[in-house]
Amino acid sequence: MSSSNTHITEGIEDDFASFGDVTASATRVTPGNALRPEDIAVAGEGPASDAVAEYALQLGDDALILAQRLSWWISRAPEIEEDVALGNIALDQLGHARSFLIYAGKRLGKTEDELAYWREEEEFRSAHLVEQPNGDFAVTIVRQLLVAVYQNLLYTELTKSSDQTIAAVCAKAVKEVDYHRDHAIQWTLRLGRGTEESARRMRVALADLWPYVGELFADEQLHDDVGDAGVHPSTLRSAWDEEISAVLADAGLEVPQVPDAMSRGRHGEHSEHLGYLLAEMQVLARKHPGATW
Amino acid sequence: MAEHHTKQAAAPAEGKGAHLSAVPSDAERAGQAHFDEIIAKDSRIEPRDWMPEGYRKTLTRQISQHAHSEIIGMQPEANWITRAPSLKRKAILMAKVQDEAGHGLYLYSAAETLGTPRDELNDQLLSGRAKYSSIFNYPARTWADMGAIGWLVDGAAIANQVPLCRASYGPYGRAMVRVCKEESFHQRQGFEILLELANGSDQQKQMAQDAVDRFYEPSLMMFGPPDGDSPNSQQSMAWNIKRFTNDDLRQRFVGMIVEQVKVLGLTLPDPELRFDEESGQWIHKELNWDEFKAVISGNGPCNVQRLARRREAHENGAWVREAAAAYAAQQAEKVA
Ligand SMILES: [Fe+2]
Ligand SMILES: [Fe+2]
């Protein structure tokens, strides 16, 4: 029933007075990001070794490229709720990317934007899986499932990193990635169990993306070099396999039996897709060298 | 995620069809009296209250148009998310466009309380029967447009929407309160983008001025035709939906941006712009209402593109929504 307040126009002039001040201080500096990457820029030391800086760069590049991919969905998702959800996930990933890149940049003598916009393709350290095109919604969801379960396991371990900044970034990030994981699992169930068509698309997506999983878990010299600051990714594989097989079984889907593709993104040898992604991402910044935005 | 598809539109339209019967029933007469009293007291109508059919229709049209504008309005800005020139700006822009999706959702929910389901409202948009704010049919050509859109378009939206927080229809007013808070951020962020550009290189400053030049007039037209040319305004004001006339709101907006553009160090593309002490009014140049009408009726630079993009997203998502609905039905069966 109608509320008891009479004269709801009372105070309307005050409302007007409060909106026009565009120079008032913002209470929300980086919306959507629980962690403020700016804090890392001003406080604390940089990585203790080149290896740790390189490791942070890897973590940051995976998150950055995934964010760039996911952000495409905003205004194109199957329903408006998903514009919001995928936008949220993209924002979280971008926030994590900024934190890792800012941190790596402290040793490399570069800002987050110099790293994102002025590195050449072969200087990026992202894995092929996050570079894969969005495809249809099934491809995006499968990519999300594979990546989010991996990131969740990885960041959980990294909360114990001997590098305090990496540990702190991951302590915040893991909560957000846990939501990404849940979002991907819920959609995997819906699409796997939903209709014949949705299950068919999920099977195609799984088969097409599975070859890039191996790269995520390949141990490298770098993992020896960073020691307790990082994690040997091979140690996460069995937990990942277990969780993914359980989700796929719940969804009525199967683990694809396909071989790994040779992927050396960690060494700067990228998929054909990354060049286009970077061209788009970097075009404006590179048109205006030295500009601030 | 897909639960809303099965959600019932709240509040059956108690007064629906009342206008068809020549003689109002006792219940209708009592409803009308109650409605008139609430309006006279300047209090709020809620979904279950009786309301005249015209009131329901007017609100459904206005709220759904507003919702469509939020959704279509995502596109010009989404155009720059992948190319944003710094990671911080990218994050802010993504959050903004995502906010607009949220505004669309609040507003569709408010519209549904009047009895029209969201799917039907969406069909009206996709089939071209429903209108949305004509400003979104202009292209966002440069990065500076992200600034001009935030400052001028979100700014004009706020000027329009602040009084709507006190609209007589409860769910609409409450949705607008949430929306307005976020719009203030958007306006400020747009202003910051322009400020940075205006203080940057010559090229950047030129880009900022060019964007302001292009969005100034369309943003003034967001308030709708001049009062003499706006036949529905009177009734909306009598129903306490609208609180100020189009020209009134336009005046406030002009007064605001005249001051702010000085801080930016840019100019408004309006040589006739001045404050007339005698009438207490801002005098601005004659706005091109022929262009306005042309854009509204489909001839703007991006009308076709905007609707095609929305339709494409909807059609590409059909199999996803079907799967979600089928899965939800299976789950419901399990529980039963
Ligand atoms: Fe909005
Ligand atoms: Fe906005």
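Read the figures in this text as sums done on the coordinates, not as results from a lab. Computed from a prediction, not measured in an experiment: that's the story for all the values here. Every residue, glycine among them, receives a Cβ derived from its backbone with ideal geometry; neighbour counts consider all protein chains shown.
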field: Hydrodynamic radius by Kirkwood, which averages 1/r over all alpha carbon pairs of the protein assembly as shown, in angstrom
entry: 26.5
- request: Using a 10 Å cut-off on Cβ to Cβ distances, tally the other chain neighbours for every residue of B:77-85 and report the average as a whole number.
  value: 6
task: Enumerate the amide H contacts of B:Arg44 below 5 Å, restricted to partners 5 or more residues apart or on another chain; note that Pro and chain-start residues carry no placed amide H.
output: A:Ser3
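Please report the net charge: other residues with Cβ closer than 10 Å to the Cβ of A:Ala67, K and R +1, D and E -1.
Working: positive: A:Arg69, A:Arg98, B:Lys90; negative: A:Asp62, A:Asp92.
Spelling it out: positives minus negatives among the neighbours equals +1.
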- prompt: So which aspartates and glutamates can B:Lys41 reach, going by Cα to Cα under 17 Å and dropping same-chain residues fewer than 8 places off?
  reply: A:Glu10, B:Asp49
query: Normalised by the number of residues in the range A:129-259, what is the relative contact order in percent for Cα pairs under 8 Å and 6+ residues apart?
result: 33
Residues A:Val84, A:Val149, A:Val255, B:Val153, sorted so that the one with the fewest Cβ neighbours within 10 Å comes first: A:Val255, A:Val84, A:Val149, B:Val153
message: Under 10 Å, Cα contacts only: if you run a Gaussian network model on chain A, which one of A:His223, A:His96, A:His128 comes out with the highest mean-square fluctuation?
response: A:His223
statement: Here P(r) for the range A:89-136, Cα-Cα distances in 10 Å bins, as whole percents, is 23, 51, 23, 3
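Which value at 222 nm does chain A reach when only helices count, each DSSP H run of 4 or more adding -39,500 (n - 2.57), with the total divided by all residues and rounded to the nearest 500 deg cm²/dmol? Present the calculation step by step, with values, prior to reporting the outcome.
On the way: 13 runs with 181 residues, N = 293.
The per-residue figure over chain A is -20000 deg cm²/dmol.
What net charge is computed for the residues neighbouring A:Thr235, neighbours being all others with C-beta under 10 Å from the C-beta of A:Thr235, Lys and Arg scored +1, Asp and Glu -1? Mind dumping the intermediate values first?
Numbers: positive: A:Arg237; negative: A:Glu157, A:Asp219.
Overall, the nearby charge balance is -1.
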- line: Given B:304-310, B:188-194, B:114-120, A:207-213, the highest-first ranking by average Cβ count within 10 Å works out to B:188-194, A:207-213, B:114-120, B:304-310
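Let me know the charge dipole size of the range B:188-329 about its Cα centre in debye, to the nearest 20, where only the beta-carbon of Lys, Arg (+1) and Asp, Glu (-1) is charged. Don't skip to the end; give the middle numbers.
Numbers: 16 positive and 22 negative charges, 145 e Å.
The calculation lands at about 700 debye.
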query: Among B:Glu278, B:Glu53, B:Glu70, which one moves the most in a GNM of chain B with springs linking Cα atoms closer than 10 Å?
result: B:Glu278
- prompt: If you average the sequence gap of Cα pairs under 8 Å that are 6 or more apart and divide by the length of chain B, what percent do you get for the contact order?
  reply: 19
message: Looking at chain A as a GNM with Cα springs under 10 Å, which of A:Ser126, A:Ser162, A:Ser99 has the largest mean-square fluctuation?
response: A:Ser162
statement: Taking a ≥ b ≥ c as the square roots of the eigenvalues of the Cα gyration tensor, with a/c under 1.5 meaning rounded and otherwise prolate when a/b exceeds b/c and oblate if not, chain A is oblate
query: Each residue of the range B:124-129 in turn: what ³J(HN,Hα) in whole Hz from Karplus with 6.51, -1.76, 1.60 and θ = phi - 60°, glycine and Pro shown as x?
result: 4, 5, 5, 7, x, 6
field: Reciprocal mean inverse distance between Cα atoms of the range A:228-293 - Kirkwood radius, Å
entry: 16.4
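Charges at C-beta only: +1 for Lys and Arg, -1 for Asp and Glu. How large is the resulting dipole of the protein assembly as shown about its Cα centre, in Debye rounded to 20? Kindly include the intermediate steps, with their values, before the conclusion.
Details: 64 positive and 94 negative charges, 186 e Å.
Roughly 900 debye, rounded to the nearest 20.
Among the listed pairs B:Lys88/B:Lys205; B:Lys242/B:Lys285; A:Lys160/B:Lys96; A:Lys160/B:Lys88, which are separated by more than 32 Å between their Cα atoms?
Values: B:Lys88/B:Lys205 20 Å; B:Lys242/B:Lys285 25 Å; A:Lys160/B:Lys96 34 Å; A:Lys160/B:Lys88 28 Å.
Exceeds cut-off: A:Lys160/B:Lys96.
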query: Would you list B:Trp143, A:Trp293 from fewest to most Cβ contacts within 10 Å?
result: A:Trp293, B:Trp143
task: Quick one: plug the Kirkwood hydrodynamic radius of the range A:33-95 (C-alpha pairs) into Stokes-Einstein at 37 °C, 0.692 mPa s, and report D in µm²/s.
output: 248
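Among the trypsin sites (Lys or Arg not before Pro) within the range A:125-201, which fall in a DSSP loop and have no more than 14 other Cβ atoms within 10 Å of their own Cβ?
Details: sites: A:Arg125, A:Arg143, A:Lys160, A:Lys172, A:Lys175, A:Arg181, A:Arg190, A:Arg193, A:Arg200, A:Arg201; in loops: A:Arg125, A:Lys160.
In loop regions of the range A:125-201 (DSSP not H, G, I, E or B), the sparsely surrounded trypsin sites (Lys or Arg not before Pro) are A:Lys160.
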- prompt: Counting other C-beta atoms within 10 Å, which of A:Glu120, B:Glu183 has the fewest, and how do the rest follow?
  reply: A:Glu120, B:Glu183
- prompt: Under a 5 Å amide H to amide H cut-off, with H placed in plane at 1.01 Å, what residues pair with B:Gln281 once short-range neighbours are removed?
  reply: B:Asp276
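Within the set of other residues whose C-beta is less than 15 Å from the C-beta of A:Ala104, count the net charge using Lys and Arg as +1 and Asp and Glu as -1.
Working: positive: A:Arg98, A:Lys106, A:Arg107, A:Lys110, A:Arg119, A:Arg125, A:Arg266; negative: A:Glu45, A:Asp50, A:Glu54, A:Asp61, A:Asp62, A:Glu112, A:Asp113, A:Glu114, A:Glu123, A:Asp163, A:Asp225.
Result for the neighbourhood of A:Ala104: -4.
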- prompt: So what is the 222 nm mean residue ellipticity for chain B from helices alone, if each DSSP H run of at least 4 adds -39500 (n - 2.57) and you divide by all residues, rounding to the nearest 500 deg cm²/dmol?
  reply: -19000 deg cm²/dmol
- prompt: At what distance in angstrom do the alpha carbon centres of the range A:216-245 and the range B:271-302 lie from each other?
  reply: 62
